[in-house]
Every structure is written in structure tokens, then in C-alpha cells.
Amino acid sequence: MRLTPTTALITIFAVALSAIAAGQQAGRNQVEGFARIDDLVREAMAAKLTPGAVVVVGRGDQTLYEKAFGFRATVPAEEPMTLDTVFDLASLTKVVGTTTAMMTLIEEGRVRLNDTVASHIPGFERYGKGGITIRHLMTHVSGLRPDVDLHPWTGYDAAIELAKDEVPTSAPGEAFVYSDINFFLLGDIVKRVTGQSLDAYLKARVFAPLGMTETGFLPPKPLLPRIAPTERCADQDAWPCKRPDAAPLRGVVHDPTARRMGGIAGHAGLFSTAHDLQIFARMLLGKGRVGTTRVLSAASVEAMTRPQTPAGMTAIRGLGWDIDTTYSSNRGDLFPVGTSYGHTGFTGTSLWIDPASNSYVTFLSSRLHPDGTGDVGVLRSRVATVAAAGIANVLNGGSAREFSTKVLAEGSRTPVQNPRVEPPSRTIVQNGVLTGIDVLVRDGFKQLRGKRVGLITNHTGRSKDGIATIDLLHKAPGVTLVALFSPEHGIRGVLDSDVPAEKDEKTGLTIHSLFYKGGTGRPLEGSLDGIDTLVIDLQDIGVRFYTYQLAMGYAMEEAARRKIAVVVLDRPNPVNGWQIEGPLSRAPGQGESANTFIAYLPMPIRHGMTMGELARLYNEERKINADLTVIALENWKRDDWYDETGLAWINPSPNMRNMNQATLYPGIGAIEYSNVSVGRGTDQPFEQIGAPWISGPQLADRLNARHLPGIRFYPITFTPLSSKYAKEECHGVFMVVTNRAALRPVRVGIEIASALFSLYGAKYEPNNMWRLIGSEQIVARIRNGEDPAAIAASFTDDEARWRRLRAKYLLYR
């Protein structure tokens with residue numbers, strides 16, 4: 001059949017339409033080396049790790065690979081993924097939006113990296129945050145927590161007020177902690193400096209000039225059909241908000257903090273497409289320019305993509321951008337370490353850029369759809385590795401193995417030297433930490449001269465020279481030591497039962513027991529007679545249910561009633577003074593059974609305070625009104641662990657024999673009031689748990705499968721010589737602490753209790769466990785089979801309240 005010009009044109013047009021449709025469905029695979037990406041994504045979809053994805057690989061202005069896979073939605077109906085699907089970028093907002101906005105203000109001289117945050121947000125300086133700068137926020141070394149608490153609140157201004165009330169967990173510049181708070185504060189600074197919302201400023205200054213027409217916050221209704229929904233959400237103000245019969249979020253930001261802030265926030269909330277992110281990546285590779293349009297100076301791009309974190313820190317970040325941290329898995333195995341950079345988003349998004357090869361990889365998915373269980377962490381890494389290999393084939397036929405070194409020679413940037421520098425070992429303070437008794441001795445006991453002293457102490461009350469506080473005060477000039485008082489475990493710290501009254505052999509003084517059968521924990525009537533000053537020198541362990549701090553509170557009350565002054569000789573918190581974990585103990589009348597001798601006032605299990613700081617808090621919050629003096633430590637910092645102080649370890653109690661046990665104790669001790677042995681009666685208490693009815697391998701497998709940070713478990717069999725299951729063979733697990741800074745011991749205790757109840761049902765009896773955990777409700781949640789991660793996450797409100805409460809009583813930075 002002969003084609004007429006008209007039929008020929010129709011045929012050509014039909015073929016073109018067919019090609020366009022095929023391109024939309026299958027995308028481009030221009031280089032043979034990228035074919036493996038198809039397999040990887042399809043394997044992940046088959047494993048239900050994501051319903052679909054869009055992958056784009058480019059070099060300069062050239063698109064080497066682009067393809068849409070699977071579905072952008074599966075409920076309530078299946079919708080095929082397309083290249084123009086709009087995604088919730090999640091934390092890519094931090095770099096695509098907020099970092100870019102900040103760099104425009106910095107290069108215009110409207111903001112400086114070393115400006116304090118408080119200079120832009122008045123009131124932020126409270127609780128020791130006055131030294132935090134914009135640089136600290138942009139590099140995640142501010143010392144702020146990962147996020148504000150998710151207790152009921154709503155509104156943009158409410159989030160900023162919560163940030164003002166935050167108490168730093170470390171000094172600025174000391175530790176890398178990835179934090180959403182950092183970036184919603186940066187977004188607020190953009191708003192205050194420009195007088196525009198972050199959304200409006202970015203549209204006018206960045207997105208519109210670049211032609212990124214489908215990038216922004218609060219996507220308009222016409223885009224909704226192309227937006228990939230995230231997980232089901234029944235109540236958008238609640239967290240977690242999912243429910244099996246609820247509709248997925250679509251066009252509404254998934255991040256709960258950003259959602260409560262109204263959808264426009266510096267840490268999350270941007271929506272965009274693969275096409276718009278291609279433009280953005282090309283802008284960065286073009287040193288701030290695409291074509292004739294420039295939105296950033298070359299100097300700004302260079303500054304934000306080179307290492308900016310403090311020297312020696314293992315986590316290497318630029319300004320906003322990730323270079324080499326534990327979050328860098330989306331770099332894959334072949335892109336060069338130290339000169340390439342990128343970022344990820346919680347919803348399943350990723351962008352990685354390599355200036356040396358002039359290339360980028362964009363991975364977009366909605367892995368949370370529909371039920372929040374997807375996981376593309378490994379997939380993103382593998383896609384990046386294959387992409388890097390494919391780019392290597394494009395570059396003069398180079399091999400993948402040569403790629404990570406060869407491309408550096410072709411780029412204009414110099415690789416970071418030794419980017420994986422190990423952090424220097426923490427050094428002990430040159431002159432060591434001085435405890436309260438050391439300071440008192442150095443000052444010639446001037447704080448106690450002319451006083452008749454009663455002393456609450458035990459074997460831990462010693463100077464750095466190893467001399468007992470009893471002996472030092474007994475011989476101190478101008479000081480009259482009248483009586484001694486012993487807490488739980490006795491004056492020598494060896495008793496695991498009631499403590500009797502006795503005589504001190506060396507001084508001949510009466511030792512009055514504070515832990516006696518049928519007692520209240522308070523000094524007995526008459527025992528304080530003849531005393532005008534009560535001195536307290538006890539080494540606490542940093543845990544709510546360790547009874548020394550409770551004995552101190554009761555003694556302060558009795559001293560105040562008798563107009564006796566109180567002097568606390570302070571000592572370090574052995575497990576550091578910044579990490580806080582666990583629920584507040586519930587006092588009688590707060591919906592829980594009456595507390596026993598385990599908590600002086602509502603506080604988390606791990607309280608992060610010294611005895612002196614607790615005394616200040618008790619005195620004020622309980623209205624004790626004691627005449628209180630704290631002789632403070634010298635040379636101690638809040639992030640010091642006991643083995644970094646230079647002080648000799650003395651077992652605070654018979655079963656607290658080393659730092660490993662002290663580190664695990666907040667969680668293992670918390671579940672001790674159940675029918676398991678925590679290793680008492682063995683050489684390694686609190687490092688192992690077991691019972692005759694437990695299978696060690698089974699329990700170890702269950703706990704290791706939870707991938708808890710900072711800890712591993714292996715099966716063990718042990719026989720306690722005393723205490724629970726004395727002389728019975730117990731099977732269980734031994735706990736190896738692999739990273740004590742990352743470890744969350746209370747979470748570990750909840751995980752163990754949950755695993756025991758799940759595996760052994762009625763054999764496990766946690767009935768009395770609430771007494772140490774501090775809440776019957778938590779035990780009920782364990783019995784109900786709730787996810788232990790969710791139980792632990794529910795502590796955040798209590799932990800935040802405690803941080804705010806304790807802030808004004810802290811003595812050390």
C-alpha cells in the first residue's frame with residue numbers, strides 16, 4: 001500500500017506516541033552496564049521492600065539511565081509508577097531546600113556561619129544553648145537531640161518554643177547527632193531574615209529560576225494524582241498515626257513534626273520529581289549554575305560540599321550535605337569517599353553526587369506505602385554501586401575497579417586525605433577529676449571547721465589517694481565527727497541484706513543504719529542528736545532505683561526538720577551525665593501502685609545527674625528547704641564516663657563490679673523483679689540473664705534479630721551460687737557491649753522482657769517488674785505484645801520533661 005503524505009504523517013505520529021509511552025513505562029537504559037539496576041529494583045519489589053521506584057543516573061547534561069518501576073500506589077487501587085511521579089522528599093528537604101536557602105543568605109552577607117542561633121531566635125540561649133551557631137546546626141554537631149517530643153502539640157510556633165526549651169545532650173562541636181531540630185531552626189532563621197516563608201523564598205530565589213516547577217511544600221491539588229502516597233494514617237496529629245483501615249497520606253508530608261508545623265519546615269516537607277532533582281544535581285555539578293542561570297556562587301557550592309565537621313571527628317559532613325557518616329550507605333561501594341556527597345530521605349529517597357566524574361544518582365521511592373514496613377536502605381546502596389560501575393564504563397572505557405581512584409584525576413577537586421580518621425582516644429584529664437572530698441581536703445576542711453558532723457558514707461567514700469572519708473574527717477583540724485550512717489549494703493559495701501547498727505572499729509563511733517528491717521530509710525529518732533552538719537559522701541550509679549540517692553533525700557528531710565545543715569561531697573555519675581532514658585516513675589495517686597524504697601520523686605531510670613545535682617533538685621522540687629551546700633567536682637564534664645576520670649573503681653555495691661555492669665544495669669536491673677536471674681551469685685552480675693526454662697540459643701537469636709545498637713548477645717549457661725535459682729543451672733544470654741554511647745540499656749531491658757514473654761508465655765512472670773521500671777502500664781504493654789521499640793519510644797515525653805526540670809540544677813557542662 002502506498003502511503004499518502006497524510007497517512008505517512010499519521011503513521012509517524014503514532015510511532016512517536018508509542019515510543020513516548022514506552023519511554024514513560026520503561027524509561028531509558030542507554031548504557032549496557034546499567035541493566036543490573038533493573039534486576040535489583042525488581043528483586044526488592046518482589047520482597048515487598050518497596051511498591052516501586054524511579055531511578056535516574058546522569059553525567060553532566062546527559063541522562064545515562066532513567067526508569068520507572070512498579071507502582072506508585074497499591075491502595076485503594078494500583079497506580080503504575082511513572083517518571084513524572086511526585087515524591088515526598090522527607091529529609092532531602094534539608095539539602096535541596098534549607099541548605100540552599102541558607103547558602104544564598106550567607107553569600108549575600110545576611111547571615112554568617114558563626115552567628116549564634118540565639119542572635120536570630122531570641123530565647124534560644126536558655127539552658128546553655130547560647131554558644132550554638134548556624135555552623136553547628138548545618139553540620140549536626142549542635143548537641144541537640146534528633147527531634148522534639150511527640151507529645152500533643154500543634155503549630156509552627158509551638159515547635160520553635162519546644163526547640164527553645166531543649167537542653168543540649170553535649171557541648172556544641174563535641175558530637176555528631178543527626179537532628180531534625182537543627183534544620184527546622186535553620187528554616188525558621190530563613191523566615192526571620194527574609195520576611196518570607198521558607199516555601200516562598202525558595203520558589204522565588206531557587207526553584208523558579210532553575211525551572212523546578214514541580215518542587216515545593218504543600219503541593220497543589222492538580223499534582224495530587226501524580227503524588228506517591230506514603231503510609232496509612234488515621235489521625236494526622238497523632239504519632240504513630242497508622243491504622244489498617246486508614247487512607248494513606250497523599251500530598252501531606254509524612255514527617256509528624258513537619259506535619260504539625262503546617263507542612264513547611266526546614267527538615268522535611270518538600271515534594272518533587274526526578275526531573276526537577278536532575279536540574280538541581282546539574283546545578284551543583286555546574287558549581288551553582290545551570291545554563292545561564294546561577295542560583296549559588298561556586299564558592300558556596302565548594303563550601304557546603306567539603307568537610308566542615310571538627311577535625312578528628314569520624315562523621316564527616318559538609319554544610320547540610322553528608323560526605324562520610326553512618327548515613328552514607330547510599331553512596332554505594334564505588335563512588336569515591338570524601339569527595340562525593342549526598343543525602344537520603346526517610347520515605348525512601350536519595351541523591352548522591354560525584355563532582356569528580358560529573359555524575360549523580362537519583363533514587364526515589366515511597367517505601368512506606370502502604371503499611372510503613374518497606375526498607376530500601378540496601379537497595380539504594382546497590383543501585384549506587386551499579387551506577388558508579390556504569391559511569392566508569394562511560395569514562396574512557398574505565399573499569400569499575402579503577403573508578404573510585406581514576407575519576408579523581410578527571411575532576412577538579414582534591415580527595416580528602418584519610419577521610420576515615422579514627423577519633424583520638426579520650427584522654428584522662430591531666431590532673432584527674434577531683435571529687436568533693438578531694439576539694440574539701442585541698443581547701444583544708446574550711447567548709448566544716450567548727451562543725452559537729454554526722455557522715456553518711458560507705459566504702460566508696462574515699463579520696464583520690466584512697467583514704468576513707470571517715471578517717472579524713474575524724475582527723476580533720478577543727479572538725480568534730482560525731483556519728484556515722486550507713487546506707488544499703490553497709491559501711492563496707494558488702495551486705496546484700498538488712499544492715500545492722502554497729503561500731504566503727506577505727507574511730508569507735510556508732511554506725512547508724514539507714515537500711516534496717518522494717519525501717520523507712522530515714523535516720524532513726526535520736527541518731528541526729530548533737531549534730532549541726534550532715535555530710536553525705538556516696539558513689540551513686542546513675543540509676544533511679546539505686547537506693548543511695550533515695551537515702552540522701554530522706555536524710556535531707558530529717559536534717560531540715562532539725563535545722564541541721566547538709567553538705568554533699570559530690571562524685572561523678574559513672575555512666576555519664578547527659579544520657580537520659582526511661583519512663584518517669586509514677587508516684588502514688590498517679591494511677592500506679594504505691595512506690596517502695598526505689599524512687600524519691602518521679603524521674604527516668606537513667607537520670608543523668610550527680611548526687612550533688614540531685615540534692616539541689618530534691619531540695620527545691622520537694623520543698624525540703626535544707627541549708628544545702630554542694631562541694632562540687634572539679635575537672636569533670638557531663639559526657640565523661642567513670643573510666644575517663646582517673647579515679648579508681650570501687651564497687652559501689654557487691655554486684656556492681658565494673659563499668660560494663662554499670663552500663664547495662666539501668667535495663668537489666670529494671671527487669672530484675674521477675675523470675676529470671678540477672679547473674680547475682682555469679683562473677684558477672686548484670687552482664688548475663690537466664691533461667692532454667694530459657695533456651696539460650698533461641699533467646700540470643702531473637703534479640704540479635706532486633707539489631708539493637710551497641711550490643712550483641714550470645715547463648716550461655718551459668719549456675720548462681722546464691723540469690724535467684726541458687727545452685728540451679730540457668731540458660732540464657734551474655735551481653736557484649738559493642739558501643740556504650742549508642743547503647744540504650746533501658747530499651748534492652750524492655751526488649752528482653754518482651755522476648756521472654758513472647759517466647760515462653762506464662763513461664764515468664766513479670767508481675768513485680770513495675771516496681772523498678774516504675775510503671776504498671778509498661779508491664780501491661782509488654783504482656784499485650786506491643787512492639788518494644790514503640791514502648792521505648794513512648795518514654796520520650798517523660799525524658800523531655802525531666803531534661804527541662806533538671807536543667808536549672810546542673811552544676812557541670
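The values are calculated or read from the model by the stated rules, or taken from the named source; none is laboratory data. Predicted model only: the values in this text are computed from it and were never measured. So basically every Cβ, Gly included, is an ideal-geometry build from the backbone, and we count neighbours across all protein chains shown. Side chains are part of the model used for accessible areas, which takes the heavy atoms of the whole protein and leaves out ligands, DNA and RNA. Shrake-Rupley method; radii C 1.70, N 1.55, O 1.52, S 1.80 Å.
Quick notes
- Checked against the criteria, V141 does not count as within 30 Å of I37 (Cβ to Cβ) and assigned to a loop (DSSP other than H, G, I, E, B).
Let's see how each residue does on (1) surrounded by fewer than 19 Cβ atoms within 10 Å (Cβ to Cβ); (2) in a helix (DSSP H, G or I):
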{"residue": "L699", "(1), (2)": "no, yes"}
{"residue": "S722", "(1), (2)": "yes, no"}
{"residue": "G732", "(1), (2)": "no, no"}
{"residue": "Q777", "(1), (2)": "yes, yes"}
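- Filter result for M45 (assigned to a helix (DSSP H, G or I) and open to solvent by 10 Å² or more (accessible area, probe 1.4 Å)): yes
- Take the conditions (1) in a helix (DSSP H, G or I); (2) under 25 Å from K203 (Cβ atoms); I121 misses just one of them, which is (1).
- Considering residues of the stretch 779-811 that are among the acidic types (D, E) and at pLDDT below 90 only, the residue surrounded by the most Cβ atoms within 10 Å (Cβ to Cβ): D798
- Any hit, the stretch 652-666, residues being modelled with pLDDT of 95 or more, open to solvent by 30 Å² or more (accessible area, probe 1.4 Å) and among the charged types (D, E, K, R): no
- Of everything in the stretch 541-573 that is buried (at least 24 other Cβ atoms within 10 Å of the Cβ) and of a type in the set (D, E, K, R), the residue that is nearest to E488 (Cα to Cα) is R544.
- Some residue of the stretch 462-473 being of a type in the set (D, E, K, R), modelled with pLDDT of 85 or more, in a helix (DSSP H, G or I) and under 39 Å from the mean Cα position of the chain (by Cα): no
- Residue check for T373: of a type in the set (V, I, T) and open to solvent by less than 10 Å² (accessible area, probe 1.4 Å): no
- Annotation: N431 fulfils all but one of (1) more than 30 Å from I323 (Cβ to Cβ); (2) at pLDDT below 90; (3) open to solvent by less than 10 Å² (accessible area, probe 1.4 Å); the unmet one is (3).
- Filter result for F176 (touching a residue at least 12 places away in the same chain (Cβ under 8 Å), assigned to a helix (DSSP H, G or I) and of a type in the set (F, W, Y)): no
- Among the residues listed as A762, A742, the single one being part of a loop (DSSP other than H, G, I, E, B) and either crowded, with 24+ Cβ neighbours inside 10 Å or out of contact with any helix residue (DSSP H, G or I) (no Cβ under 7 Å at 6 or more places or on another chain) (or both): A742
- Of all residues in the stretch 152-163, those that are closer than 15 Å to I181 by Cα have Cβ atoms under 6 Å from Cβ atoms of residues that are outside any helix (DSSP H, G or I) and not small (G, A, S), 6 or more apart or on another chain, in Y156/M261; A159/M261; L162/V148.
- Qualifying residue in the stretch 672-681 (condition: open to solvent by less than 10 Å² (accessible area, probe 1.4 Å) and on the phi > 0 side of the Ramachandran plot): yes
- Check on T326, hydroxyl-bearing (S, T, Y), in a loop (DSSP other than H, G, I, E, B) and surrounded by fewer than 23 Cβ atoms within 10 Å (Cβ to Cβ): yes
- For the stretch 571-587, the condition holds for at least one residue, the condition being that it is modelled with pLDDT under 85 and of a type in the set (A, V, I, L, M, F, W, C).
- Pair list, Cβ under 6 Å, 6 or more apart: the stretch 764-788 residue under 20 Å from P604 (Cα atoms), other residue open to solvent by 40 Å² or more (accessible area, probe 1.4 Å): N768/Y673; M769/Y673; W770/E776; R771/T596; R771/Y673; L772/Y673; S775/R586; I782/F757
- Of the candidates L395, L408, L440, the single residue that is modelled with pLDDT of 95 or more and either closer than 23 Å to Q278 by Cβ or among the aliphatic types (A, V, I, L, M) (or both) is L440.
- Count of residues meeting criterion [surrounded by fewer than 18 Cβ atoms within 10 Å (Cβ to Cβ) and farther than 16 Å from R135 by Cβ] in the stretch 94-121: 1
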